[in-house]
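S.K.: Would you mind keeping the following structure in view while I ask a few things?
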Amino acid sequence: MAQKEKSYKSQKKTSSFIVNLVLILISAVFVVPIFGILITSFRQSERIFNSGWWTVFPHKEWVEIGEYKLDADIDLNGEIKFVSEDGQEISGDYSFWKNGVITKSGEKIQYYGAKRSRTLKIYERRWTGFETDLTLENYRNVLSGKKITYKGEDGKLLTRNGSDLSNSFINSLTVTIPATIIPITIAIFAAYGFAWLNFPGRKILFTMVVALLVVPLQIAIVPVLQDFSRIHLNGTFLGIWLAHTGFGLPLAIYLLFNYISEIPRDILESAFIDGATNFSIFTKLILPLSVPAIASFAIFQFLWVWNDYLVALVVLGGGTNEVVTQTLANMVGTKGQDWHLLTAGAFISMIIPMTVFFSLQKYFVRGMMAGSVKG
Amino acid sequence: MNKTQTFGKSPSKIVLFFKMILILAGIILIFTAGVRIITFLDTNHLKIPSALFAIVWGVSTVVLFYTGANWIVEHFSPKWTARIQPYIFVGPAVIILIWALTLPVFRTLISSLKDADAKNWVGLQNYKYAFTDDQMLIVFRNNLLWLILGTFFSVFLGLLIAVLADRSKYEKVYKSIIFTPMAISFIGAGVIWKFIYNYKGQGVETGLLNAIVMSFGGQPHAWLQIPFWNNILLIVIMIWLETGYCMVILSSAIKGIPEELLEAARIDGASETTIFFKIIIPVIKGSLIAVTTTVAIFSLKTFDVVQSMTGGNYGTNVIANEFYNQRFLYYNIGRASAIAIVLLILVVPVMIMNLRQFNERKVF
């Protein structure tokens, strides 16, 4: 065994440099987008509009070192001549200057603003350090739900209604927690019934469950909404729990069935002989044994419901019951360019799913295997 | 528990009967009282109490139902317990499924044959629209792109990372990073990527893609408005989101391959490429198919990314988004239903495959 381990390890090492290089590159590409908005969410609004998030790190950039006013008699529609400090003579029309010229000594000369400004600005490339005026203001603005003011692209103060993301946060939790627990409870009873109880119609009903696994949500939305409006469930939490329960059930039953049907038959049979009822076997044996499968599906369903947009949009609609994804989508729609609010909002919306995900991911991996590898 | 009760009307029977009625009434009472209380809290804008109550009430009603119903059924005669109890277990799930998914298939089918208000029969007119309209043809082309490119690259990258990470000391770090997008909503991902594809056109670009292009001397573009190629850029987002899912499942499948098998092949002088194609791929074939079909279905149903990034404009529309537009923007129930049915027809092969695979397992 030790011998084997060793040879495998050496095999591992030979390619480890290239392997790690490729993995680091892929990981970098995957993580940069998230990293970018994380940094952006802490920047001053005015800076976000005028420079990329990567400029918070030390870098070389053009810094203004002086300006030159063109004489009033120079024809702006013709050639504009300019003699730089090192004696170089450059001439060109307005659009030439607008693009900027780099002199031999490494300075950049560029026309500033519109033609009538009659100003050339001179820049030099200098190192700038870390951006130090990072702020929590964006997060405060996104969560408050009150009127907010911030500096726009041109440095002017803007006032606007903030998004009430903290309210949506509570709504999302109200939607997600029952919409995770209820379908799992219903599914685990059903999975036990399908796996261990004999009754007429068992096979047909379970075939239906498997067939429904792939039925797209879109099919169900129109009829379900019709029913909801008939019994006044539109816009209510009860309605959205019911919808998520219905749409999540096939996968829940299928995964839990796979798991429960693999529990050794002798365990259950000896319990039956001892006179235990189905319900007590279910609560005392099946439930404790199924914890990994339940946990793994719970994460799956939790992430799915938390991140859902379509069902929330059509069942809850807008208003006071709107969930995080809706608020965020509205921000994209109405405040398309307000990156300081959008990035902070996007990051807040990720906190809960990421926490759930990383704290329970070992179950996730194990539980997903139960459903997929066996096929 | 005394299972040899006689069928005579002994006093204990009557007490039992009343207990059963009481339990049933209790369940119904708690349910309806809960609805009242929630409505009360909601109309008075007591957000947090209402949320807490909703969670406790919603969950406890379900638990109470199963406990109560089972208690009642287990007090019937053993014969009737055995007959009825299975339906207590599977009944609620089956009823909800039939209401939420099975019946809607037929109801949608019916409304797809009716006009915009779902009143008059119009025959196959909606389908004629779905398959011949110029816009719809673009929609189908786009979904085909999503299906092929999105699925292929997600699975390919997932497999590549799973295989490579298996050989690295820092496996956990890489995997955690690749996972992370999975926890992000499509809307959140939309914000993230909008920021990358952003275009200002005023000299300074704050979008990463334009900054990269400019640092190589190129011109900035409004990427999401370039027909056809903007589809590819949207598909990149899906690949970013789904690769983690593929990697998780394929990685666990690869870990299930017995080490002896790989070792034996290496001793026989098989190259790593041979091992990959002749051993790893055949062994994980089942998982590979499972992952591919799941991602394929995801890409067929794509909605949120397109909706939040372009709203389906600039030639990026997809089936699910067109469904949404027809139903909720143009209020054309007939066309929306026809589009949903088309989506269903596209997944029927997967459904048949699933059923066939399930029957082969002979669980019943």
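The values are calculated or read from the model by the stated rules, or taken from the named source; none is laboratory data. Everything quoted here is computed from the prediction, not taken from an experiment. In this analysis, Cβ positions are derived from the backbone assuming ideal geometry, glycine residues included, and neighbour counts consider all displayed protein chains.
S.K.: May I ask you to verify whether A:Ser84 is polar (S, T, N, Q), more than 14 Å from every other protein chain (Cβ to nearest Cβ) and crowded, with 16+ Cβ neighbours inside 10 Å?
M.R.: In short, yes.
S.K.: Those residues that are in a helix (DSSP H, G or I), surrounded by fewer than 18 Cβ atoms within 10 Å (Cβ to Cβ) and among the polar types (S, T, N, Q), I need them from region B:209-249; list them, please.
M.R.: B:Ser215, B:Gln225
S.K.: Taking A:Thr55 as the residue in question, decide whether it is polar (S, T, N, Q) and under 30 Å from B:Tyr245 (Cβ atoms).
M.R.: No: the conditions fail for A:Thr55.
S.K.: Pick from B:Val342, B:Val306, B:Val348: which is surrounded by fewer than 24 Cβ atoms within 10 Å (Cβ to Cβ), farther than 24 Å from B:Ala118 by Cα and assigned by TED's automatic domain parsing to the domain that holds B:Leu137?
M.R.: Selected residue: B:Val348, the only one of B:Val342, B:Val306, B:Val348 that is surrounded by fewer than 24 Cβ atoms within 10 Å (Cβ to Cβ), farther than 24 Å from B:Ala118 by Cα and assigned by TED's automatic domain parsing to the domain that holds B:Leu137.
S.K.: From B:Leu144, B:Leu124, which residue is within 30 Å of B:Ala290 (Cβ to Cβ), out of contact with any helix residue (DSSP H, G or I) (no Cβ under 8 Å at 6 or more places or on another chain) and not polar (S, T, N, Q)?
M.R.: B:Leu144 is the lone residue from the list that is within 30 Å of B:Ala290 (Cβ to Cβ), out of contact with any helix residue (DSSP H, G or I) (no Cβ under 8 Å at 6 or more places or on another chain) and not polar (S, T, N, Q).
S.K.: Separate question: Could you list, in sequence order, all residues of region A:226-273 that are at the interface with chain B (Cβ under 9 Å from one of its Cβ atoms) and farther than 24 Å from B:Phe358 by Cβ?
M.R.: Of everything in region A:226-273, those that are at the interface with chain B (Cβ under 9 Å from one of its Cβ atoms) and farther than 24 Å from B:Phe358 by Cβ turn out to be A:Gln226, A:Asp227, A:Thr236, A:Phe237, A:Leu238, A:Trp241, A:Leu242, A:Ala243.
S.K.: Going by what's in this entry, would B:Ile297 be described as out of contact with any Cys (no Cβ under 6 Å at 6 or more places or on another chain), assigned by TED's automatic domain parsing to the domain that holds B:Ile281 and at pLDDT below 85?
M.R.: Judged against the criteria, B:Ile297 is a match.
S.K.: Counting just the residues of region A:122-169 that are loosely packed, with under 13 Cβ neighbours inside 10 Å and within 16 Å of A:Ser41 (Cβ to Cβ), which one comes out modelled with the lowest pLDDT?
M.R.: A:Asp133
S.K.: Report those helices (runs of 4 or more DSSP H) wholly inside region B:100-145 carrying at least 1 residues which are among the hydrophobic types (A, V, I, L, M, F, W, C), more than 14 Å from chain A (Cβ to nearest Cβ) and touching a Gly at 6+ places or on another chain (Cβ under 7 Å).
M.R.: The helices (runs of 4 or more DSSP H) meeting that bar are B:134-145.
S.K.: If you take the residues in region B:110-134 that are among the polar types (S, T, N, Q) and surrounded by 13 or more Cβ atoms within 10 Å (Cβ to Cβ), which one is farthest from B:Ile333 (Cα to Cα)?
M.R.: B:Gln125
S.K.: Only one of A:Ile26, A:Ile18, A:Ile48 is in a helix (DSSP H, G or I), modelled with pLDDT under 85, closer than 28 Å to B:Thr243 by Cα and of a type in the set (Val, Ile, Thr); which?
M.R.: Among A:Ile26, A:Ile18, A:Ile48, only A:Ile18 is in a helix (DSSP H, G or I), modelled with pLDDT under 85, closer than 28 Å to B:Thr243 by Cα and of a type in the set (Val, Ile, Thr).
S.K.: Please determine whether any residue of region A:324-331 is at the interface with chain B (Cβ under 10 Å from one of its Cβ atoms) and either hydroxyl-bearing (Ser, Thr, Tyr) or not in a helix (DSSP H, G or I) (or both).
M.R.: Checked against the condition, which is being at the interface with chain B (Cβ under 10 Å from one of its Cβ atoms) and either hydroxyl-bearing (Ser, Thr, Tyr) or not in a helix (DSSP H, G or I) (or both), region A:324-331 yields at least one hit.
S.K.: Just to be sure before I move on: is A:Val314 surrounded by 16 or more Cβ atoms within 10 Å (Cβ to Cβ) and within 10 Å of chain B (Cβ to nearest Cβ) in the structure I sent?
M.R.: Here the answer is yes, as A:Val314 does meet what is asked.
S.K.: For region B:250-316, please list each of the helices (runs of 4 or more DSSP H) lying entirely inside it that holds at least 2 residues being free of Cβ contacts under 8 Å to residues at least 40 places away in the same chain and within 10 Å of chain A (Cβ to nearest Cβ).
M.R.: The qualifying helices (runs of 4 or more DSSP H) are B:259-267, B:285-300.
S.K.: Looking at region A:187-218, which of its residues are buried (at least 24 other Cβ atoms within 10 Å of the Cβ), in contact (Cβ under 8 Å) with a residue 40 or more places away in the chain and closer than 30 Å to B:Ile339 by Cβ?
M.R.: The answer is A:Ala187, A:Val209.
S.K.: So, in region A:241-267, exactly how many residues are surrounded by fewer than 19 Cβ atoms within 10 Å (Cβ to Cβ) and assigned to a helix (DSSP H, G or I)?
M.R.: Of the residues in that region, 3 qualify.
S.K.: Take the residues of region B:72-83 that are more than 9 Å from chain A (Cβ to nearest Cβ) and assigned to a helix (DSSP H, G or I): which is surrounded by the most Cβ atoms within 10 Å (Cβ to Cβ)?
M.R.: Here the residue is B:Ile72.
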